[in-house]
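The values are calculated or read from the model by the stated rules, or taken from the named source; none is laboratory data. It should be emphasised that the depicted structure is a prediction, and the values quoted were computed from it without experimental measurement. No Cβ is skipped: glycine too gets one built from the backbone with ideal geometry, and neighbour counts run over all protein chains shown.
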Amino acid sequence: MYKAYKFRIYPDTEQQTALAKAMGCCRWYWNYSLNLCQETYGKTGKGLSRAYIQGLLPGLKKEYPWLTDAYSQCLQVVALNLSTAYKNFFDKRAKLPRFKSRHGRQSISYPANVKFDGDYLKLPGKVGLVYCSCHRDFDGTIKTVTVSKNPDGKYFASILVDDGKETPQCSTEGKAVGIDLGLTHFCITSDGSKYNNPRHIAKHSKNLKKKQQNLSRKKKGSNTRNKARKLVAKVHAKIARCREDFLHKLSRKIVNENQVIAVENLNVKGMVKNHNLAKAISDVGWGQFCTMLKYKAERDGKTYIEVDRFFASSKICNVCLNQVGRLPLDVRNWTCDHCETNHDRDINASINIKNEALRILSLGTSDTASGGNVSRLGGKISCLLDAIPDETGSPARN
């Protein structure tokens, strides 16, 4: 079973320069290969194989000697990632691959020859030993290490490990819970628990506004503007860390306490088109929360199931199954006309989600909204046409 562990690393000035050069080489090779694929497809209607793109490297290194600043296998991984991106696009799991920018988050992957030496992570090439803050131990074989630099200037290493264990079989024997996601309360469970929405952006809005106003006054291209940009990036990174911490803790609590976890399959991409709620929906992180629930449940041998988004969970009475015709969002409590039971809108919805999930499981079918696995591939694969998906790692963010 594959697991990913993310640690912060602290490269010195020389190592930061070496990583910047290596990331720049991989970014340039990605853009060059993507442009070549697009031109070839436009002229011939055919794609370029991964082996063909990797075969261009010796000639490119002679033409551009600075490409040797990157470890050779890092450049080969670029072709592998490009083939994966095209396969996911044609399978309708992702958008068309795009060109990479020198601005924003940068990353580079090391597929081999990476190991720990005490408190240091030894990276091949010109980087060498980098101090790593290992806050927890892990057992297994290191498969891939992805080093990333965030816009706020912090470096992280995401380590993919194979622990040699088999993925446990999912079981439905035990407690089941239905979860209704919302904005006033982040989630409401079928047992009556309500978890408030932390509203991370609202808590840091004053600080963020001040930093953004300061950035807008700086002259473009100046060193002071770059410093102000990093201050804004640090606030955004703080918000992201707070959100991720909350989602990790809540998802772990729910998975530990239940055997079957049922949630509603929400169309988040469509919901954010509502300009009045787009900011709040983006801040709450429903998609990330469901992803965490899914992979944590699978690791523990528990069942995660999504109920169809068109299931009228709020309008159905969970006692007599009577369905009301219309239920505006401002109505938080309602009484069933048939059995005269008074319902809390959100708790009733979560109970109905749980019951619907149990009904689906009892029928022996299961509906999921993941749309497949966006995965890494191996072998000689066309960057445009023929590729075979293969699950290789944790969906944890690198």
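Table for the structure above
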read-out	value
Checklist (1) within 23 Å of LEU358 (Cβ to Cβ); (2) outside the structural domain of ALA262 (by TED's automatic domain parsing) applied to ASP139, failing item	(1)
Counted residues, the stretch 203-223 - those being surrounded by 14 or more Cβ atoms within 10 Å (Cβ to Cβ) and not in a helix (DSSP H, G or I)	2
Spans of helices (runs of 4 or more DSSP H) in the stretch 1-95 with at least 1 residues over 23 Å from the mean Cα position of the chain (by Cα) and within 16 Å of VAL147 (Cα to Cα)	13-44, 72-90
Subset of the stretch 296-344 (residues that are at positive phi and at pLDDT below 85)	GLU340
Pairs, first under 16 Å from SER33 (Cα atoms) in the stretch 76-104, second among the charged types (D, E, K, R) and at pLDDT below 90, C-beta under 7 Å, six or more apart	ALA79/ARG50; LEU80/ARG50; LEU80/ARG376; SER83/ARG50; THR84/ARG376
Residues within the stretch 171-202 that are out of contact with any strand residue (DSSP E or B) (no Cβ under 6 Å at 6 or more places or on another chain) and β-branched (Val, Ile, Thr), tallied	2
Hits in the stretch 253-269 (condition: assigned to a helix (DSSP H, G or I) and either within 23 Å of ASN352 (Cα to Cα) or of a type in the set (Val, Ile, Thr) (or both))	LYS253, ILE254, VAL255, ASN256, GLU257, VAL268
Failed condition for ALA228, given (1) within 23 Å of the chain's Cα centre (by Cα); (2) surrounded by 18 or more Cβ atoms within 10 Å (Cβ to Cβ); (3) of a type in the set (A, V, I, L, M, F, W, C)	(1)
Residues being outside any loop (DSSP other than H, G, I, E, B) and either in contact with an Asp or Glu (Cβ under 9 Å, 6 or more places away or on another chain) or aliphatic (A, V, I, L, M) (or both) - total across the stretch 97-127	3
Those strands (runs of 3 or more DSSP E) lying entirely in the stretch 129-202 with at least 1 residues modelled with pLDDT of 90 or more, of a type in the set (A, V, I, L, M) and within 22 Å of the chain's Cα centre (by Cα)	141-149, 155-162, 176-181
